[in-house]
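The values are calculated or read from the model by the stated rules, or taken from the named source; none is laboratory data. Computed from a predicted model, the values in this text were never measured in an experiment. Cβ: placed from backbone, ideal geometry, glycine included. Neighbour counts: every protein chain shown. The protein model used for the area step is the full one, side chains on, heavy atoms only, and it has no ligands, DNA or RNA in it. Shrake-Rupley method; radii C 1.70, N 1.55, O 1.52, S 1.80 Å.
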Amino acid sequence: MSAHVHPVPEWADSASMDAERYAQAYEAAKTDPDGYWREQAGRLDWITPFTSVKDTSFDEADFRINWFADGQLNVAANCIDRHLETRADQVAILWEGDAPGTDRRITYRELHEQVCRLANALKGLGVAKGDRVTIYLPMIPEAAFAMLACARIGAIHSIVFGGFSPESLANRIVDCDSRIVITADGGCRGGKAVPLKANVDAALDHDGVTVDHVVVVRHSGVDVTMKDGRDQWYGDLVDAAATDCAPVAVGAEDPLFILYTSGSTGKPKGVLHSSGGYLLWASYTHQHVFDYRDGEIFWCAADVGWVTGHSYVVYGALANGATTLMYEGVPNYPDFSRFWQIVDKYQVATFYAAPTALRALMREGDEWVKKTDRSSLRVLGSVGEPINPEAWEWYHKVVGEGRCPIVDTWWQTETGGHMIAPIPGAVALKPGSATLPLPGVLPQIVDAEGKVLDGAVEGNLVIADSWPGQMRTVWGDHDRFFQTYFTTYPGKYFTGDGCRRDEDGYYWITGRVDDVINVSGHRMGTAEVESALVAHAKVAEAAVVGMPHDVKGQGIYAFVTLNAGVEEDEALRAELVQWVRREIGPIATPDALQFAPGLPKTRSGKIMRRILRKIAENQVDALGDTSTLADPAVVDHLVANRIEPG
Ligand code: 6R9
C-alpha cells in the first residue's frame with residue numbers, strides 16, 4: 001500500500017503528546033494498566049477516592065467489568081462546578097441556530113444555574129437516582145442542560161435522536177421504562193420544522209408506555225397540545241425551581257446513560273455507560289486526540305442523539321473546561337458555505353464531522369469553502385464511517401489548506417470514546433487509516449476461527465482487554481451483552497468490524513462484517529428495516545442489504561416479497577418506502593426497493609445475503625456459487641429486475 005504519508009505537524013512539540021510520550025503512555029497502559037489509569041483518573045474530581053482501579057475479565061467464568069469501583073464522583077460537578085473558580089465567565093456552550101443570526105452563549109456560571117434549576121425541577125417531578133429520563137430534543141442547549149441535570153441527581157438519561165419516529169421513540173421509552181420525557185415543541189433543520197411534541201404525543205399512545213410527565217421546551221414556536229396533568233412547559237418549571245442543587249455522589253460504576261444502538265439481530269440494544277470510566281475516557285480522548293488546548297473553540301458537528309454528541313459535544317469537552325459549539329442545523333442551509341461561515345464566526349479551532357457530510361459538500365465544488373477564511377482551524381476530525389482517501393485529501397487540502405492534521409477516529413457507541421485514532425502531535429497520517437490504537441486499547445486482528453494474526457494482515461477486529469470507557473451492559477439484558485460481544489471470539493470483545501493492518505502497524509477499518517449497515521454514519525440493523533417492512537399488511541417477506549453510495553457511504557437496498565395476490569406497482573413501491581420512513585425514521589428510508597417473487601435461500605431456508613449484496617451492488621457477474629440454492633432460478637429473476645437506486 002503506497003498511501004501518501006502526512007507527517008506530524010510542526011507544532012508537535014507543543015502538543016499534548018508527542019511521539020515519544022505516546023509510545024511511553026501506550027507501553028505503560030499495556031504493562032501496568034492499574035498504575036497508568038490510577039494516575040490518569042486524577043483528571044477527574046472524586047468525592048470518594050477509589051482504591052481499586054481495573055477489575056475486569058472477558059472470560060465467561062468470571063466475566064466482569066469494573067473500573068474505580070469503590071470511588072464516587074458526580075459527572076455534572078466534573079463538567080461544571082469544578083470549573084467555576086477559574087472559568088465562571090467563560091462561555092461553556094456556544095449555540096448556533098438553524099437560521100443564520102440566531103445564537104446563544106451560555107457561560108459556565110449560567111450552565112451551573114440552568115442545570116441546578118432543572119435538576120431541582122426533575123426532583124420535584126419525582127425523579128430519583130437510578131430513574132430513567134428520556135430526552136427527545138433538537139440540538140439546543142437544553143439538551144446539554146437535561147443530560148447534566150440527570151447526571152447531577154444520579155438519574156440515567158436515554159436520548160432518542162430527534163429524527164426517530166414515534167414508533168422508535170415508544171420502543172425506547174418502554175424498553176428502559178422511563179416515566180418522564182423531556183422534549184421541545186419542535187425542531188428546525190434546514191428551514192424545515194420537526195414536529196417533536198406531536199411525535200411524543202403519538203409515541204405515548206403506544207401500548208405499554210407509562211409516562212407520567214412530559215416537559216416541553218418552547219423552541220420553534222409551533223402550536224402544540226398540552227395534556228393537563230401530564231405536560232408542562234420547561235420554562236415554567238425551571239423558573240420556579242431553586243438555583244442551587246447539591247450534586248449527589250454516585251459510584252464510578254453507577255450508570256450515567258443508556259443509548260440505543262442497532263445490532264445485527266433483534267431490536268436496538270440499550271447500551272449502558274458508567275459514570276467514572278466513561279467520563280475519564282471521554283475527557284482523556286478529547287484532550288489527546290484533538291490536542292485540545294485551553295481557550296480554544298471546539299466544534300463537534302454530531303447530534304447529541306448519537307454517541308459522538310454525548311462524548312464530544314457534551315461530556316469530554318465540558319469535563320475539560322472547553323467552549324463547545326452546538327449547531328442546530330444542517331451543512332447545506334442556507335447554502336454550502338454554512339459550516340465554514342460558522343467556523344469563521346466563532347473562530348473554531350477543532351472541527352469534527354462525518355465523512356458523509358464532507359462528501360456532500362465536496363461535490364458542490366471548492367468555491368463554497370474557499371470564500372471563507374478558516375484560518376482559526378487547527379485540527380480536523382472524522383468519525384462514523386471509513387473516510388475514503390479522496391474525501392480525506394479534500395478535507396485536508398481544501399478545508400484545512402494543508403495545515404491541519406485529520407484525525408480519523410474509529411470507535412463505537414459501545415466503546416464510549418475514541419479507540420483507534422492518530423494523536424496529532426505524535427502520529428504521521430495516512431489518508432483512509434484510523435492509524436494506531438490509543439493507550440489502553442489492545443486491538444487484535446483474528447481470522448474466522450479466532451486465530452490471532454500477526455503482521456500485515458486482514459481479518460476481524462477484536463479488542464483483547466477492557467478499557468475504562470467500555471459499555472457495561474445492555475440495559476435489562478446482561479446475557480445479551482455477553483452473547484453479543486464476547487462469544488464470537490471467547491475472551492475478547494468483538495467489534496463487528498473488519499480491519500486490515502499494514503506493514504507499519506496502521507489499522508484500516510474495512511466496514512462491518514455483520515448485518516449492520518452504515519448509512520451517512522448512522523448505524524442501522526438490516527433486521528430492523530426488514531421487520532418494519534414485514535409489519536406492512538401486504539408484505540410477506542423482506543431482505544435488506546447495504547450497497548455502496550457516493551455520499552451516504554452505504555445506501556439501503558430492500559428486496560420485498562408481497563403476499564399472494566397483491567399486485568406489484570409503483571404506487572405500492574412508494575408506499576412501502578414511506579412506510580419504513582414512518583416506522584423507523586427518515587434515516588432508514590430505502591434507496592431502492594425491488595419486488596422479489598422469491599428470495600435466494602439455501603435448502604435449510606437461510607436467505608443468502610451474499611447474493612443479494614452482489615445484486616444490489618450491480619456485480620451480477622460475481623454472484624459466486626448459486627448451486628446450493630433451493631431454487632437457483634429466483635436469482636435470474638432478481639438480476640433481470642434490479643432497480644437503479646434513486
Ligand atoms: C462513533 C460511532 C460504530 C461503527 C463502527 C464502524 C463505523 C465509526 C469509523 C468507522 C471506519 C471510522 N465507524 N468510526 N469506520 N472509520 N473512523 O460512529 O459509533 O454509531 O456506534 O458506529 O461505525 O463500523 O463499528 P456508532
(message) Placing +1 on the Cβ of each Lys and Arg and -1 on the Cβ of each Asp and Glu in the chain, which of Ala391, Ala302, Gly425 has its Cα farthest towards the positive end of the resulting dipole?
(response) Ala302
(request) Would you work out if the range 151-283 is rounded, prolate or oblate? Take a ≥ b ≥ c from the square roots of the eigenvalues of the alpha-carbon gyration tensor; rounded if a/c is under 1.5, else prolate when a/b is larger than b/c, oblate otherwise. (result) oblate
(message) Give me the one-decimal nm value for the distance between modelled label points at Glu60 and Phe482, 7 Å along each residue's Cα-to-Cβ direction.
(response) 0.8
(request) Please identify which residues in the range 569-602 have an amide N closer than 14 Å to a label point set 7 Å out from the Cα of Thr628, following the Cα→Cβ vector. (result) 601-602
(request) Quote the FRET efficiency, to the nearest 0.05, computed for Val174 versus Lys129 with a Förster distance R0 of 30 Å and r equal to the Cβ-Cβ distance. (result) 0.90
(request) Sum up the charges of everything whose Cβ sits under 12 Å from the Cβ of Asp212, counting Lys and Arg as +1 and Asp and Glu as -1, but leave Asp212 out. (result) 0
(message) Could you tell me the center-to-center distance, by alpha carbons, between the range 528-571 and the range 68-131 in angstrom?
(response) 43
(message) Quick check for me: using +1 on Lys/Arg Cβ and -1 on Asp/Glu Cβ, what's the dipole size of the chain about its Cα centre, in debye to the nearest 20?
(response) 320
(message) Which residues does the label zone of Ser52 cover in the range 251-283, counting backbone N under 20 Å from a point 7 Å along Cα→Cβ?
(response) 251-256, 273-281
(request) Enter the accessible area of Lys192 (Å², nearest 10), with the probe set to 1.4 Å and all protein chains included. (result) 140
(message) List the residues, sorted by chain then number, that are 5 or more residues from Thr435 or on another chain and whose placed amide H is less than 5 Å from its amide H.
(response) Tyr507
(request) Take the Cβ-Cβ distance between Arg105 and Lys451 as r, set R0 to 51 Å, and report the resulting FRET efficiency rounded to the nearest 0.05. (result) 0.40
(request) Only Lys, Arg, Asp and Glu count, each charged at its Cβ (+1, +1, -1, -1), so figure out the dipole size of the range 177-239 about its Cα centre, rounded to 20 debye. (result) 320
(request) List the residues of the range 187-218 whose backbone N lies under 19 Å from a point placed 7 Å from the Cα of Lys267 along the Cα-to-Cβ direction. (result) 200-212
(request) Work from the charge dipole of the chain (Cβ charges, +1 for Lys and Arg, -1 for Asp and Glu, about the Cα centre) and give the residue of Val513, Phe482, Met362 farthest towards its positive end. (result) Met362
(request) Loop only per DSSP, at most 14 neighbouring Cβ atoms within 10 Å: give me the trypsin sites (Lys or Arg not before Pro) in the range 351-385, ordered by residue number. (result) Arg363, Lys371
(request) Could you give the size of the charge dipole of the range 384-517 about its Cα centre, using +1 on the Cβ of each K and R and -1 on the Cβ of each D and E, expressed in debye and rounded to the nearest 20? (result) 300
(request) Quote to one decimal, in nm, the extra length available between Ala537 and Gln578 on full extension: 0.36 nm per residue of separation minus the C-alpha distance between them. (result) 13.4 nm
(request) Counting other Cβ atoms within 10 Å, keep those with at most 14, restrict to DSSP loop, and tell me which chymotrypsin sites (Phe, Trp or Tyr not before Pro) in the range 2-96 are left. (result) Phe63
(message) Distance cut-off 32 Å, Cα to Cα: go down the list Lys269/Lys451; Lys54/Lys606; Lys267/Lys552 and report the pairs above it.
(response) Lys54/Lys606
(request) Would you mind calculating the gained length between Glu503 and Ala428 on full extension (0.36 nm times residue separation, minus the Cα-Cα distance), in nm to one decimal? (result) 25.6 nm
(message) Need one number: % antiparallel among DSSP beta bridges in the chain, to the nearest 5.
(response) 60
(request) With a 10 Å radius around each residue's Cβ, average the other Cβ atoms per peptide and rank 632-640, 275-283, highest first. (result) 275-283, 632-640
(request) Grab the eigenvalues of the alpha-carbon gyration tensor for the chain, scale each by 5, take roots, and send me the semi-axes largest first in whole angstrom. (result) 36, 31, 26
(message) Can you work out the Karplus-derived ³J(HN,Hα) for every residue in the range 636-641? Use 6.51 cos²θ - 1.76 cosθ + 1.60 with θ = phi - 60°, whole Hz, and x for glycine or proline.
(response) 4, 5, 5, 4, 5, 10
(message) Considering all projection directions equally, how large on average is the shadow of the alpha-carbon convex hull of the range 304-422, in square nanometres?
(response) 7.1
(message) Given a 1.4 angstrom probe, I'd like the percentage of the accessible area of the chain that is carbon and sulfur, rounded to a whole number.
(response) 49
(request) Over the range 495-646, average the accessible area per residue using a 1.4 Å probe and give it in Å², no decimals. (result) 43
(request) First measure r as the distance between the Cβ atoms of Glu20 and Glu644, then evaluate 1/(1 + (r/R0)^6) with R0 = 56 Å and state the FRET efficiency to the nearest 0.05. (result) 0.55
(request) Would you mind putting 229-238, 426-435, 149-158, 291-300 in packing order, based on average other-beta-carbon counts within 10 Å, highest first? (result) 149-158, 426-435, 291-300, 229-238
(message) Just to confirm, what accessible area per residue do you get for the range 53-206 at 1.4 Å probe, in whole Å²?
(response) 32
(request) Please calculate the 1.4 Å probe accessible area of Tyr485, with all protein chains present, and give it to the nearest 10 Å². (result) 10
(message) I'd like the accessible area for Leu572: 1.4 Å probe, protein heavy atoms, all chains in place, Å² to the nearest 10.
(response) 10
(request) Give a quick list of GluC sites (Glu not before Pro) in the range 437-513 that DSSP marks as loop, anything other than H, G, I, E or B, with at most 11 other Cβ atoms within 10 Å. (result) Glu449, Glu503
(request) Tell me what the chain gives for mean residue ellipticity at 222 nm when only DSSP H runs of n ≥ 4 count, each as -39,500 (n - 2.57), the sum divided by the residue total, rounded to 500 deg cm²/dmol. (result) -8000 deg cm²/dmol
